[in-house]
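Below: the structure, in structure tokens.
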Amino acid sequence: MAEIPQFTPVNLLTGFLGSGKTTLLKRLLSDPALSDTAVLINEFGEIGLDHDLVEQVDGDMVMLQSGCVCCTIRGDLAEALRALHERRERGAMPAFQRVVIESTGLADPFPILSTLKADSVLRHHFRPGNVITTVDAINGLGQLQRYAESSRQVVIADQLVITKTDMTNTADFDQLLAQLARLNPDAVVTCAADQGFQPASVLDETINLISDSLQSQSGFYCDIPNALENGENGHSADFRSFVVTVDQPVDWTAFGIWLTMLLNRHGQQVIRVKGILNLEGEDRPVAIHGVQHLVHPPVHMAGWPSDDRRSRLVFIVDGLETELIRQSFEAFTAL
């Protein structure tokens with residue numbers, strides 16, 4: 001029997017209507033490397049799994065030939081996750097190593113991620129994994145310009161998977177890539193139609209922390225503040241990205257207090273924060289990553305990606321005054 005992880009990663013598969021989430025999910029479920037995965041979806045019928053079913057375990061759970069277990073979300077997401085954990089604990093289902101949640105195309109991803117922190121039971125058994133966002137190469141640019149939900153799905157992503165690239169022209173594709181880079185310059189971007197695309201790679205949490213894959217010598221790319229305004233259909237967003245840099249080594253305790261206070265007060269507006277820290281008493285850099293109120297466990301990187309040893313924090317915020325964040329960070333790091 002496989003060992004149950006202390007904190008099981010919960011990965012979110014999101015993307016706007018028609019962007020290819022279902023197709024990507026079916027590829028994930030057929031990958032032997034992901035056989036120890038539990039999937040939460042809205043309805044089995046929506047992804048056409050009938051020909052892949054091995055057995056109906058109970059009313060809302062099926063096991064696939066690949067070894068994956070799929071459950072439908074009939075009520076509250078927290079309740080569904082607690083049920084998964086309880087079944088695994090009593091041996092009623094395989095000891096899955098990860099969870100994948102497929103959201104609806106119009107879903108705001110933030111309440112889904114916040115569920116992990118808001119529920120006291122879930123906090124002790126689950127942790128946030130990757131956010132994978134599918135983007136339609138044909139309609140994606142227009143959706144990003146018209147719908148705040150689409151932009152929020154992109155901004156929060158660790159992995160952006162572009163679909164339908166075989167049906168678009170080079171000029172449109174280049175415009176889409178440029179807009180994605182504005183919104184989320186640090187995301188890993190892949191194309192589902194590429195011959196070498198490996199579905200399992202989108203769930204690999206280490207890819208964002210490998211030095212040779214980072215997009216700048218500083219470790220996290222974001223040099224120019226960006227802004228996006230969405231005003232159509234009653235939606236509005238004011239996304240800005242900026243970087244905070246500090247020259248001297250940072251005290252970990254002071255930093256932890258500052259970040260906790262910031263997210264407790266402004267978590268709804270801090271879309272994501274990602275950084276590389278030079279900590280007092282540490283030779284290696286420490287990578288931190290947070291989404292809204294959630295903060296991933298810090299990771300000790302193998303080494304500095306360049307001779308630049310300054311701490312850098314990349315923020316993407318929605319309507320939050322950037323200068324206030326800079327001033328509060330400088331005040332705490334100066335203590």
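The values are calculated or read from the model by the stated rules, or taken from the named source; none is laboratory data. The shown structure was predicted, so the numbers you read here are calculated from the model rather than taken from an experiment. All Cβ positions, glycine included, derive from the backbone under ideal geometry; neighbour counts span all protein chains shown. Side chains included, ligands, DNA and RNA excluded: accessible areas come from the protein's heavy atoms. Shrake-Rupley method; radii C 1.70, N 1.55, O 1.52, S 1.80 Å.
General remarks:
- Any hit, region 26-38, residues being part of a strand (DSSP E or B) and at pLDDT 85 or above: yes
- Residue list for region 288-302, filter: assigned to a loop (DSSP other than H, G, I, E, B) and open to solvent by less than 20 Å² (accessible area, probe 1.4 Å): GLN292, MET301
- The lone exception for VAL188 - which of (1) more than 14 Å from GLY140 (Cβ to Cβ); (2) open to solvent by 40 Å² or more (accessible area, probe 1.4 Å) it fails: (2)
- Region 308-332: number of residues that are in contact with a Leu (Cβ under 6 Å, 6 or more places away or on another chain) and open to solvent by 50 Å² or more (accessible area, probe 1.4 Å): 0
- Residues of region 195-217 include at least one that is surrounded by 19 or more Cβ atoms within 10 Å (Cβ to Cβ), closer than 24 Å to GLN143 by Cβ and either modelled with pLDDT of 85 or more or acidic (Asp, Glu) (or both).
- Qualifying position, being surrounded by 15 or more Cβ atoms within 10 Å (Cβ to Cβ) and over 24 Å from PRO128 (Cα atoms), among PRO305, PRO285: PRO305
- You will find that of ARG152, ARG182, ARG146, the residue that is buried (at least 20 other Cβ atoms within 10 Å of the Cβ) and of a type in the set (Lys, Arg) is ARG152 and no other.
- Within region 270-282, the set of residues being at pLDDT 90 or above and either open to solvent by 80 Å² or more (accessible area, probe 1.4 Å) or aliphatic (A, V, I, L, M) (or both) comprises LEU277, LEU279, GLU280, GLY281.
- Members of region 307-327 that are aliphatic (A, V, I, L, M) and closer than 14 Å to VAL244 by Cα: LEU313, VAL314, ILE316, VAL317, LEU324, ILE325
- Selection count where residues are of a type outside the set (Val, Ile, Thr), in a loop (DSSP other than H, G, I, E, B) and surrounded by fewer than 22 Cβ atoms within 10 Å (Cβ to Cβ), scope region 1-21: 9
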